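The values are calculated or read from the model by the stated rules, or taken from the named source; none is laboratory data. Since we're looking at a predicted model, the values are computed, not measured. In case anyone asks, the SASA skips ligands and DNA or RNA and just uses the protein heavy atoms, side chains included. Shrake-Rupley method; radii C 1.70, N 1.55, O 1.52, S 1.80 Å.
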Amino acid sequence: KGFNVRDDLAASLGGEFAFAMDGALMPVPSWKLVCEVYDPNRLQATLQHFVDLHNQAIAQTGKKPLRTAQESFEGRTYYTIAQADSGPLLEAHYTFDQGYLVAGPTRVLVSHALQVKTAGTSIKHAGKFLELTPRDQHANFSVVIYQNLGTSLAPLAALAGAFLSNRGGGQGEALQGLGNVKPTLYAVYG
């Protein structure tokens, strides 16, 4: 049987999702994906079916297959989809929690995201985020894009800036300014 995006994947998903880069960019980017899931069992079966179809399709090409795994940790089931023998850059770990899929590059980051949620210390309570949130008659927005890259870019900008300064040309100072990028928030109402 083939793979139908609408029937096999979209039917299991809700309309809410969030993607965040909220930590180190190196050596493994600290991305997180959270999306609403109506039917976690169906979605898990669909993801496994997709991996199986992918692996069957590339079996004759010599390319490395995707691998899947499942583990229990602290009473929760975590799943993994990864490129075989690739290392952490090509891995996705995820679990299901209260109607949402929570994913990241490592099980530790996914577990930490759940701890942050449980502790109530998520971004919606962060001072910079609240400071930039629109204050008008609309309590909700359809899309919010928030960036606070200055702290994440600062180490990379300093390293690149120092490297380029040693080579001359003045490009190093421009890159070092990336560490001073101010937070911004865009809200879209629909």
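Round to a whole number: what % of the accessible area of segment 1-40 belongs to carbon and sulfur, probe 1.4 Å?
Roughly 64 percent of what the probe reaches on segment 1-40 is carbon or sulfur.
Averaged over all directions, how much area does the convex hull of the C-alpha atoms of segment 1-62 cover when projected, in nm²?
Its average projected convex-hull area is 6.1 nm².
Enter the accessible area per residue of segment 1-120 (Å², integer; probe 1.4 Å; all protein chains in place).
61
Can you pull the percent of segment 81-123's accessible area that's carbon plus sulfur, 1.4 Å probe, other chains left in place?
The value for segment 81-123 is 63 percent carbon and sulfur by accessible area.
For K64, give me every one of the lysines with a C-alpha distance below 26 angstrom, ignoring sequence neighbours fewer than eight places off in its own chain.
Qualifying lysines at Cα under 26 Å: K1, K32.
Please compute the length gained on full extension between L130 and V5, using 0.36 nm multiplied by the number of residues separating them and subtracting their Cα-Cα distance.
Fully extending the segment from L130 to V5 adds 41.3 nm.
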